[in-house]
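Read the structure below first, then the notes.
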Amino acid sequence: MRLTRYTDNALRALIYIGLHDDTPSRITDIARRMGMSEDHTAKVIARLAELGFVTTLRGRAGGVRLARPAAEINIGQVVRATEDNLNLVECFDAEANRCPIAPACALAPALDEALGAFLAVLDRYTLAQLTEKPRALQRLLIA
């Protein structure tokens, strides 16, 4: 399984914001430090705000902050909310399924179990856990 760039960028943006939650983060800084395009970062931040993971503040002292404590932001929830499609194979989508063996296939249940296990592992992590070593991460983000 491979997460989309969108989800990867959402997770990286949250890590950056979580590391700098004492002051609002600017989209330009997030994009530059995390190696993302500014336009894409703005879209990701807008979606994270819609989902309630971050809040945006306008004005000179504005920026982006976590909407709740990092310990309350579950990584599995972020992945589910930002991935547009967790259908690992065609037959996971009943409307698009054209697989002739789907009714008798044992692969789909195995893949569904694997996806469940993948998400269950992510459900065990919070943003706070991903930012437990702030100094090591911040050293990597210095320009």
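Brief remarks on what is shown
- Residue within the stretch 4-21 that is surrounded by fewer than 15 Cβ atoms within 10 Å (Cβ to Cβ), within 30 Å of Ala106 (Cβ to Cβ) and touching a residue at least 24 places away in the same chain (Cβ under 8 Å) present: yes
- Some residue of the stretch 103-112 being of a type in the set (A, V, I, L, M, F, W, C) and assigned to a loop (DSSP other than H, G, I, E, B): yes
- Number of the exception - Ile101 against (1) more than 19 Å from Ile30 (Cα to Cα); (2) within 20 Å of the chain's Cα centre (by Cα): (2)
- Among the residues examined, Arg26 qualifies as touching a strand residue (DSSP E or B) at 6+ places or on another chain (Cβ under 9 Å), of a type in the set (Lys, Arg) and within 27 Å of Arg139 (Cβ to Cβ).
- Number of positions in the stretch 81-102 that are assigned to a loop (DSSP other than H, G, I, E, B), over 30 Å from Asp21 (Cβ atoms) and either among the small types (Gly, Ala, Ser) or touching a residue at least 60 places away in the same chain (Cβ under 8 Å) (or both): 3
- Of the residues examined, Asp93 is not one that is within 27 Å of Leu48 (Cα to Cα) and either touching a helix residue (DSSP H, G or I) at 6+ places or on another chain (Cβ under 7 Å) or of a type outside the set (D, E, K, R) (or both).
- The helices (runs of 4 or more DSSP H) found entirely in the stretch 1-80 that carry 3 or more residues being under 19 Å from Leu119 (Cβ atoms) and either in contact with a helix residue (DSSP H, G or I) (Cβ under 6 Å, 6 or more places away or on another chain) or small (Gly, Ala, Ser) (or both) are 5-19.
- Where a residue in the stretch 40-60 is closer than 15 Å to Pro24 by Cα and its partner, wherever it lies, is modelled with pLDDT of 95 or more and of a type in the set (D, E, K, R), with Cβ under 6 Å and at least six apart: Thr55/Arg65
- Taking first residues from the stretch 116-137 that are at pLDDT below 95 and partners that are of a type outside the set (A, V, I, L, M, F, W, C), the Cβ contacts under 7 Å between residues at least 6 apart in sequence or on separate chains come to Thr131/Gly18; Leu137/Thr131.
- In this entry, Gly116 passes the filter for residues that are assigned to a helix (DSSP H, G or I), out of contact with any strand residue (DSSP E or B) (no Cβ under 8 Å at 6 or more places or on another chain) and not hydrophobic (A, V, I, L, M, F, W, C).
- The set of residues in the stretch 30-50 that are under 18 Å from Leu127 (Cβ atoms), surrounded by 14 or more Cβ atoms within 10 Å (Cβ to Cβ) and more than 13 Å from the chain's Cα centre (by Cα) comprises Ile30, Arg33, Met34, Met36.
The values are calculated or read from the model by the stated rules, or taken from the named source; none is laboratory data. Everything numeric in this text was worked out from a predicted model, so none of it was measured. Reconstructed Cβ throughout: ideal geometry from the backbone, glycine too, with neighbour counts over all protein chains shown.
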